[in-house]
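Chemist: If you scroll down you'll find the structure; I have some questions about it.
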Amino acid sequence: MAFDKIKPEFLKRLDHYLLVHYPAIWHSKIIWVAFYSLSLFGLFYMFGDHFDQEVDNTMQHYFYEGNDFVMFIGIPMFLATLMGLYWLYIQYQQQIDYSKLSLGKFVGIAGLNFLCMALIFLPVVGLALSTLDNPSNQTSAVMVIQVFLSMATFTSVLPFILRQYKIIEIVLVIFFGFIYSMVVGGLLAGIFNEAALGMYVINLLVFAAYVGHKFYHKTYNQNTKRLALFCLLMLPGLFPIILHLLGVYGSYETAYLAVNKGDGGFLGIKWMLTNIVAIILIYSLITRFMYQSMVAPMLRK
């Protein structure tokens, strides 16, 4: 293919090496995701400033910055989201046996999957740093990306279980999960107190306990699997509430900001530890249990 001609030869050899010796890593396509994302980040960071509208001393610079934000952040974020969905679709097409992976390797693959998703959005960071002239706008843009990555941590484990669902099932679960979140969020907005947050958490924990019971006793059906996917999708939004109720943070707003934005700047250490690492570990434990219940028994037959 003509597209293969632009691929560096040493990366092709490295890709083949991963295919032969580490197929689980090769399936993530990390080599090519990293190559194209880092290349685009470098190009955008170095040359992006030549394409934005420069500010001046008039009030019009607010208008220019607004246009730049939409053109170089909003639209690229949408395109990066489409690329993330395409990466998930590639994972969906592959039939991979993860049953022989230890827990540590399972967590490692989940972290690798999240790294792929983060790299897909890296070029948008390059555009934000090069095209936005106001430092506060740059900070806002990268924080938007960070919050988006926080809420997208569930993509780290989706490749393990995607083939258990039809695409239309995944779309419908996401849609009704969004509706559920909006309805519950609207109710909580009217009675925003500890009791309301506690009931919300208990509601989801009951769902999770029911799903866990069904999977443990191998009595689940397709509706149970859909409910399990729904619970996985809810975890990033549930995590700050749990931290607040456990007393880690004084209020839900503080917990949400600390978990999703951190207090150490873009990709800060506290954000990585309190959100990404913790949630991926939780996700890995839950998903490995689901995988062994749903997929591994069939592979052993």
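The values are calculated or read from the model by the stated rules, or taken from the named source; none is laboratory data. Note that the coordinates shown come from a computational prediction; the quantities given were computed from them, not determined experimentally. Reconstructed Cβ throughout: ideal geometry from the backbone, glycine too, with neighbour counts over all protein chains shown.
Chemist: When S136 is evaluated against the numbered criteria (1) touching a residue at least 24 places away in the same chain (Cβ under 8 Å); (2) over 19 Å from V277 (Cα atoms), which criterion, by number, is the only one it fails?
Modeler: (1)
Chemist: Cβ contacts < 7 Å: first residue of a type outside the set (S, T, Y), restricted to the range 100-113; second residue surrounded by fewer than 16 Cβ atoms within 10 Å (Cβ to Cβ), any location; separation 6+ or different chain. Result?
Modeler: From the range 100-113, the pairs are V107/L281.
Chemist: Which residue is surrounded by the most Cβ atoms within 10 Å (Cβ to Cβ), if the candidates are limited to the range 89-136 and must be in contact with a helix residue (DSSP H, G or I) (Cβ under 8 Å, 6 or more places away or on another chain) and charged (D, E, K, R)?
Modeler: The residue in question is D133.
Chemist: Could you give me the residue pairs with C-beta distances under 7 Å whose first residue belongs to the range 1-29 and is over 23 Å from V107 (Cβ atoms), whose second residue is at pLDDT below 85 and in a helix (DSSP H, G or I) wherever it lies, and which are 6+ apart or on separate chains?
Modeler: none
Chemist: Now a separate question. Specify the residue that is farthest from the chain's Cα centre (by Cα); the eligible residues are those in the range 137-186 that are among the hydroxyl-bearing types (S, T, Y) and crowded, with 17+ Cβ neighbours inside 10 Å. Before you say what the answer is, go through the steps one by one.
Modeler: Taking the range 137-186 first, the residues among the hydroxyl-bearing types (S, T, Y) are 139-140, 150, 153, 155-156, 165, 180-181.
Subsequent filtering for residues that are crowded, with 17+ Cβ neighbours inside 10 Å retains 150, 153, 155-156, 165.
On the way: S150: 6, T153: 3, T155: 5, S156: 6, Y165: 19 Å.
Of everything passing the filter in the range 137-186, Y165 is farthest from the chain's Cα centre (by Cα).
Chemist: Could you tell me which residue of the range 75-88 is surrounded by the fewest Cβ atoms within 10 Å (Cβ to Cβ), considering only residues that are of a type in the set (F, W, Y) and under 19 Å from R163 (Cα atoms)?
Modeler: Y86
Chemist: Hey, another quick one. Give the residues of the range 77-101 that are more than 23 Å from I170 (Cα to Cα) and modelled with pLDDT of 85 or more, sorted by residue number.
Modeler: Within the range 77-101, no residue meets the criteria.
Chemist: If you don't mind, another one. Specify the residue that is modelled with the lowest pLDDT; the eligible residues are those in the range 205-251 that are crowded, with 17+ Cβ neighbours inside 10 Å and not in a helix (DSSP H, G or I).
Modeler: Y249
Chemist: I need a count of the residues in the range 252-284 that are at pLDDT below 70 and among the small types (G, A, S).
Modeler: Looking only at that region, the number is 4.
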